[in-house]
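Student: Pasting in a structure now, in structure tokens, and then I'll have a few things to ask.
The values are calculated or read from the model by the stated rules, or taken from the named source; none is laboratory data. What you see is a predicted model; the values in this text were computed from it and never measured. A quick note on method: Cβ atoms are made from the backbone with ideal geometry, for glycine too, and the neighbour counts reach across all protein chains shown. Quick note on the areas: whole protein, heavy atoms, side chains included, nothing else; ligands and nucleic acids left out. Shrake-Rupley method; radii C 1.70, N 1.55, O 1.52, S 1.80 Å.
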Amino acid sequence: MTSTEPGYHPPAFPLFEAVFPDEVSEPRRWLSGWNGLTTAPATDVTLAARGERATALVTSSRWAAVDDARMSGFLTLTAFRVPELPDSTAELVRLAEDDGRWDAGTLDVDGRALPALATSVGGVTVACCVDPPAGVGVVVVAVGAVALRRLVPARRTAYPADPFIAHRYADLPAVDDLVG
């Protein structure tokens, strides 16, 4: 695939994936989505994982501020079909911007507890960690216990569409239904 062909183009920033500490077997994984121009590297990438007791969407990016990550997290919540969420994007934005919804905490990233903001809606947790010095810009939206790790090329075979290489749209496999 050429760099000017429309499709998925891997980003220049690190990608993170879900790890389920309460799971015995490896979860099913897939490239869930991305944003950006269709002929340029993605501006954010979402990797999905579904285990027996946990499910997660992990979005990696280079957000300038944690507010942008919070927004991404609330928009991602819609994939979980949370009944408590409003139908309007404007209302989702308002909820994401509501400082009173978010609690300070930590997120396990590569075995380190990094500062994060977290909230929960309808049993689904949203956690955001934007730490440029650590090279981390990530949002995880999950049901169940989840930690994160940097995706390395050796683990790319766990994904039907390798997130480290470019793919034409026609070559991408169908995306699993997250809650199905």
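Student: Where in the chain lies the longest segment free of GluC sites (Glu not before Pro) that are both loop residues by DSSP (not H, G, I, E, B) and have at most 15 other Cβ atoms within 10 Å?
Tutor: It works out to 85-180.
Student: What number comes out for the charge environment of ASP171, summing +1 per Lys or Arg and -1 per Asp or Glu over other residues with Cβ under 14 Å away?
Tutor: Once positives and negatives cancel, what remains is -1.
Student: Another question about this same structure. Leaving out ligands and nucleic acids, note down the accessible area per residue over the chain with a 1.4 angstrom probe, in whole Å².
Tutor: For the chain, the solvent-accessible area averages 49 Å² per residue.
Student: Give me the number: length gained by fully extending ARG101 to GLU26, i.e. 0.36 nm times residue separation minus the C-alpha to C-alpha distance, one decimal in nm.
Tutor: Once the chain is fully extended between ARG101 and GLU26, it gains 23.8 nm.
Student: Here's a follow-up. Given (1) 192, 44, 21; (2) 73, 37, 28; (3) 46, 38, 37, which label gives Cα extents along the principal axes in Å as computed from the coordinates?
Tutor: Correct label is (3).
Student: Run the accessible area of the chain with a 1.4 Å probe and give the carbon-and-sulfur part as a rounded percent.
Tutor: The C+S portion of the solvent-accessible surface of the chain is 53 percent.
Student: Sticking with this structure for a sec: At 7 Å along the Cα-to-beta-carbon direction for both ASP171 and GLU52, put a label point, then send me their distance in nm to one decimal.
Tutor: With each label point 7 Å from Cα toward Cβ, the separation is 3.6 nm.
Student: Next up: What does the charge count around ARG53 come to, taking other residues whose C-beta lies under 11 Å from its C-beta (Lys +1, Arg +1, Asp -1, Glu -1)?
Tutor: -2
Student: On a C-alpha basis, how far is the centre of the range 44-84 from the centre of the range 110-157 in Å? Whole number, if you could?
Tutor: The range 44-84 and the range 110-157 have Cα centres spaced 9 Å from each other.
Student: Follow-up question, since we're still on this one. What is the angle, in °, between the Cα long axis of helix 66-77 and the longest principal axis of the Cα atoms in the chain? Nearest 10 is fine, range 0 to 90.
Tutor: Compared with the principal axis, the helix lies near 80 degrees.
Student: Still on this model: When each pair of different Cα atoms in the range 85-180 is counted once in the 1/r mean, what is the Kirkwood radius in angstroms, to one decimal?
Tutor: 16.0
Student: Place a point 7 Å from Cα of GLU91 in the direction of its Cβ. Which residues in the range 118-148 have their backbone N less than 13 Å from it?
Tutor: No residues fall inside that zone.
Student: For the range 17-61, what does the alpha-carbon gyration tensor say about shape, rounded, prolate or oblate, given a ≥ b ≥ c as the root eigenvalues, a/c under 1.5 as rounded, and a/b over b/c as prolate?
Tutor: It comes out prolate by the Cα gyration axes.
Student: Cβ neighbours within 10 Å, averaged per peptide: list 41-48, 136-143, 152-159, 106-113 in order, most packed at the top.
Tutor: By packing density, highest mean first, the sequence is 136-143, 41-48, 106-113, 152-159.
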